[in-house]
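Please read the structure below before turning to the comments.
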Amino acid sequence: MRKKVIIGNWKMNKNKEETEYLLNNLAKKTWEKEINVKVCPSYVNLENAQNILKNSSIEVVAQNMHYEKEGAYTGEISYKMLKSININTVIIGHSERRTLFCETDEIIKKKVNIALKNNMNIIFCFGESLEDRKKEKQIDAINKQLDVLMDDVGINKWNQIILAYEPVWAIGTGINATPDQAQQMHKYVRAQITKRYNQELSNSVPILYGGSLKPSNSKEILSKPDIDGGLIGGASLNFDDFFSIIRSVDKK
Ligand code: PEP
């Protein structure tokens, strides 16, 4: 049985005080053990977040990292730095990194490789653009992005990977994929994992949906059989909305 995973990606939002407000509120709440909640504050708030959540099951995750271990890369952060403050999971391939910061599949591949090699867990984001969807090329688009993983990553490394299907046209737009559109894509991806690896692995890989998830649509989308949770941007910035999304997968 795959656990549900709910991740709040706070992007370049929330100063120290605002981050503490969200974290302190989350730390007071409980939910069933079968739900993994993770939060991704900005770099400058990671260590403080770890401290606030030290007695909680919520994991603190980094939003990004460089593909080198160290060096002359002004403004960048490495896996070594993250691990030194006990951050063991990082988002890789978010569409904002791909589009706004020109991260190519080549760059993403290097990040995936260094992360997995150094025992970091990754939340690997992929998803088609609006143009791809309009031309009905969404499968080609996501296959190309997933090849970065499937061409290289050995079966024994998949326990470090969470996939997040995030159609670009749904991110931050208020327009979510319909539950059926999302389920169809997740089912397809699971079938690809079976084809490239095996059924047992494909049954175990968490595949999250991201793109305008909110309290009003989360229950329906997250109850689909191949959707194991959500990566949430905008709605995770508001405590009540984020908690309500967590509650929507809580069977207690
Ligand atoms: C995201 O950025 O990963 C995301 C899903 O954002 P939003 O929930 O705001 O669409």
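General remarks:
- Table column - 3J(HN,Hα) (Hz), region 90-107, Karplus curve with 6.51, -1.76, 1.60, x for Gly and Pro: 9, 7, 10, x, 4, 4, 5, 5, 5, 8, 6, 10, 6, 7, 8, 4, 4, 5
- With the simple model of a label 7 Å out from the Cα in the direction of the Cβ, residue 21 to residue 220 spans 3.1 nm.
- Size of region 143-229: Rg and Dmax of its alpha carbons, in Å, are 13.2, 38.
- Counting only protein heavy atoms and a probe of 1.4 Å, the accessible surface of the chain is 49% carbon and sulfur.
- For residue 132, the shell of other residues with beta-carbons less than 12 Å away shows a net charge of +1, using +1 for Lys and Arg and -1 for Asp and Glu.
- Stretchable slack from residue 1 to residue 152, in nm (0.36 nm times residue separation minus alpha-carbon distance): 51.7 nm
- Extent along the principal axes, Cα only, for region 33-77: 42, 20, 14 Å, with the longest axis given first.
- When the pairs 54/251; 28/109; 83/219; 11/54; 28/117 are compared against a 29 Å limit on Cα-Cα distance, 28/109; 83/219; 28/117 fall above it.
- Exposed chymotrypsin sites (Phe, Trp or Tyr not before Pro) absent: longest stretch of the chain, with sites in DSSP loops and at most 15 other Cβ within 10 Å deemed exposed: 102-252
- Taking the convex hull of Cα positions in the chain, its mean projected area over all directions (nm²): 12.7
- The relative contact order of the chain comes to 21 percent, based on Cα pairs under 8 Å that sit 6 or more residues apart.
- Rg(Cα)/(2.2 N^0.38 Å) for region 119-182, N = residue count: 1.24
- Pairs from 38/195; 110/157; 137/224; 4/187 whose Cα-Cα separation, in the structure shown, is over 18 Å: 38/195; 137/224
- Total formal charge among the other residues, if their Cβ is under 10 angstrom from that of residue 56, Lys/Arg +1 and Asp/Glu -1: +2
- Accessible area of region 4-248 divided out per residue, in Å², using a probe of 1.4 angstrom: 47
- Taken along its three principal axes, the alpha carbon spread of region 1-128 comes to 41, 35, 26 Å, from the longest extent down to the shortest.
- Length gained on full extension, residue 194 to residue 34: 55.2 nm, using 0.36 nm per residue less the C-alpha separation.
- Square roots of five times the Cα gyration tensor eigenvalues for region 61-189, Å: 27, 16, 13
The values are calculated or read from the model by the stated rules, or taken from the named source; none is laboratory data. As the structure is a prediction and not an experimental result, all values here were calculated from the model. No Cβ is skipped: glycine too gets one built from the backbone with ideal geometry, and neighbour counts run over all protein chains shown. Note: areas computed on protein heavy atoms with side chains; ligands, DNA, RNA excluded. Shrake-Rupley method; radii C 1.70, N 1.55, O 1.52, S 1.80 Å.
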